[in-house]
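Data first, discussion second: the structure below is written as structure tokens.
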Amino acid sequence: MTTGTTSHAARPVKPPPRIRIENVWPAVDCGRRPVKRTDGDTLEVWADIYRDGHEELVAVARHRAPGAATDVEVPMRRHVSGRWRAAVPLAGLGTHTVTIEAWVDRVASWRVELSRKAEAGQEDLASELAEGAELVAGRLRGVTGDDRAAIRAALAVLRSDAPQPERVAAGLDPDLADALARWPDRAEATRADPPLLVDVDRERARFGTWYELFPRSWGGFAGVEAQLPRLAELGVDVLYFPPIHPIGTTHRKGRNNSPTAKPGEPGSPWAIGSPEGGHTAVHPDLGTLDDLRRLVRAAAGHGIEIALDIALQCSPDHPWLTEHPEWFSRRPDGTLKYAENPPKRYQDIYNLSFDTEAWWSLWQALRDLFLFWVEQGVLVFRVDNPHTKPLPFWEWVIAEVRAAAPEAIFLAEAFTHPPMMQALAKAGFSQSYTYFTWRNTRAELTEYMQELAGSPVREFFRPNFFANTPDILHAYLQRGGLPAFAARMVLAATLSPSYGIYSGFEHGEGTPLREGSEEYLDSEKYEVKERALDGPLLPLFARLNAIRRENAALRRIDDIAFLETANEHLIAYAKGAATGRGTIITCVNLDPSAPQEGVVDVPDELGLPDRFTVTDLLTGVAYPWGRGRNYLRLDPAGVPAHVLRVEA
């Protein structure tokens, strides 16, 4: 029978820490991945910090900005719940670290004990005062200036023969506490591990209006440059171009995705590469590289950035096919497999092989093409199908590019399952396309926004609500006519800080290739159109963009509350109420075929007055509203929405 056990474990050098730091937030993957913020933000960080016993704890958030040699400490405060919080200001692009550190404040612990005993009327506090004098004396080491004088003065009284009340008052003097706080001894100092990582981008990574156009339909770079003043008036922040490179002729696609092009048909811009060059060349019909650089500079003068599409694929005529055959994989019969996304087939495109043994040279070449465009002044990239390339590659290449250009922004065009979309965001993509185009009912929109804005996903995944793309013409737009386009534009602009439209949206282009298809009839992907900024929805587009710039509530994804409407064809939501950014209430008629009426129920939780005035920022009309039920009627024959500012 065993009566005891013997441990052979090595004796610890020092006792295990007694302070616990848990539930540090915000954190992604237990701190292994960075949360995302923008320059000038304040990071609200909190943690559960505790220790056995009754000792007083002190906690700080140690913040180190990129390139800084030392930490800046931000005090943490304990709230009623016991959770500690701090507000850490963020300045500078790149990866910041925030480490939570806590320690025991022995003098503060003594002061609390002394105060309680004095308040309880305990007559003999000699031992407590002697103990305090020893603790205070131990804190003098290294203290200088006025703080040293204040501590010495209090210590002299504690050690004196003065009446006990005077000595107690000296020990509890707030000036003593302030002086000691500036020279902490950090007994039992404990740090959370790992530190929080914070990826700080510029604001454009979070907020902006995108407009997509094919330069070849606007007269090339020179034609686009002529449109810049009008685009600026419309409130466009990012002007996005599909690939601008030479287009292959082998298996070139014709009109409406015909597998055989007729003479003179331009082909798809995503079939990149010809004898004239590949991913670092410009299609001669658009202009020259100098023309592009001039356009980038001119756009910047209007407050607009040029975004380029980076599609890591090649036409059969791309120079890489002959210069680097090792970057492509072949079937057993020696043929190359063209790209497919059933039922779509892309006979004019070959994929790069990321399984090649020459993967490192491929990675370096792809990094260099990003850096090439950075050298031309381009800092915004829309990446085609990133979910079909390795995540470790994206982690590496985005880090490499941002090390050279911290202002660089990457938009992921990844319509795939949510875990992969989120993984791309964690890998470094600044923002992502979403499933917004397929969320059209009130229930669908509410559920999707709660996923994006009401869950931890919001800490790292930034949505871009493109209302349409050259590949996506939803049935809602096909059948709803211009009112459907107007409703979707209002939703995109007010739900997401970043949103975009593809040219033609403002005209209400909604004819599909065939019934049940999301492809456009006479798609611009395969032919040149004559475009102009004269669509009937442009005034609404411009007004929405002005509203977004003027109202901070619409510049972020968080702080959204959906309001009951008692009519499933009406959706209403408030933004900004909880964060003090000014409250905006948006109401949209989701039925493009008929007027809808109902009520918007403003709950007490929004913290608004019993009665208040709202101004429709689309029309300028003011209405009396209040808590509870508010009547509205929205007619798709006009503007099928209200964007209401709650007046102070």
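Every read-out reported here was derived from the displayed coordinates using simple, explicitly stated rules and does not represent laboratory data. This one's a predicted model, so the numbers in the text were calculated from it and none came from an experiment. Note that each Cβ is placed from the backbone with ideal geometry, even for glycine, and that neighbours are counted across all protein chains shown.
Quick rundown of the values:
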read-out	value
Separation of the residue 615 and residue 69 label points, Cα + 7 Å toward Cβ, nm	5.2 nm
Anisotropy class of region 304-454 from Cα gyration tensor, a/c 1.5 cut	oblate
Percent breakdown of C-alpha pair distances by 10 Å bin, ordered from the shortest bin, for region 372-529	10, 35, 34, 18, 2
Rg to Rh quotient for region 415-495, alpha carbon positions, Kirkwood Rh	0.98
Filter on 337/525; 262/337; 253/337; 253/389 - keep pairs with C-alpha separation over 19 Å	337/525; 262/337; 253/389
Fraction of beta bridges assigned by DSSP in the chain that are antiparallel (%, nearest 5)	70 percent
Relative contact order %, the chain, counting alpha carbon pairs below 8 Å whose residues are six or more apart	10 percent
Neighbour cut-off at most 10 other Cβ (10 Å), DSSP loop, GluC sites (Glu not before Pro), region 357-408	357
Whole-percent pair-distance distribution, where bins are 5 Å wide, for the alpha carbons of region 123-278	1, 7, 10, 9, 7, 6, 5, 4, 3, 3, 3, 4, 5, 5, 6, 6, 6, 4, 3, 2, 0, 0
FRET efficiency, 1/(1 + (r/R0)^6) with R0 41 Å, evaluated for residue 302 and residue 604 via beta carbons	0.35
All-pairs Cα distance distribution in the chain, expressed in whole percent, bin size 20 Å	16, 40, 27, 14, 3, 0
Spatially proximal lysines relative to residue 36 (Cα-Cα < 17 Å; intrachain offsets below 8 disregarded)	426
Segment residue 120-residue 331, extension gain: residue separation times 0.36 nm, minus the distance between their alpha carbons	67.2 nm
Label-point separation in nm, residue 249 to residue 293, each point 7 Å along Cα→Cβ	3.0 nm
Residues whose placed amide H lies under 5 Å from that of residue 626, excluding near-sequence neighbours	612
Value of D in µm² per second that Stokes-Einstein yields for region 87-185, Kirkwood Rh from Cα pairs, at 25 °C (0.890 mPa s)	163 µm²/s
Relative intensity, log₁₀ I(q)/I(0), of region 467-555 from a Debye sum that treats every alpha carbon as a point, q = 0.22 Å⁻¹	-1.09
Sites matching chymotrypsin sites (Phe, Trp or Tyr not before Pro) across region 363-457 that sit in DSSP coil, with at most 16 neighbouring C-beta atoms within 10 Å	435
Cα point-scatterer Debye curve for region 521-648, base-10 log of I(q)/I(0) at q = 0.09, 0.17 Å⁻¹	-0.31, -0.90
Calculated [θ] (222 nm, deg cm²/dmol) that DSSP helices of n ≥ 4 give over the chain, each run adding -39,500 (n - 2.57)	-8500 deg cm²/dmol
Listed peptides 303-309, 116-122 by packing density, highest first (mean Cβ within 10 Å)	303-309, 116-122
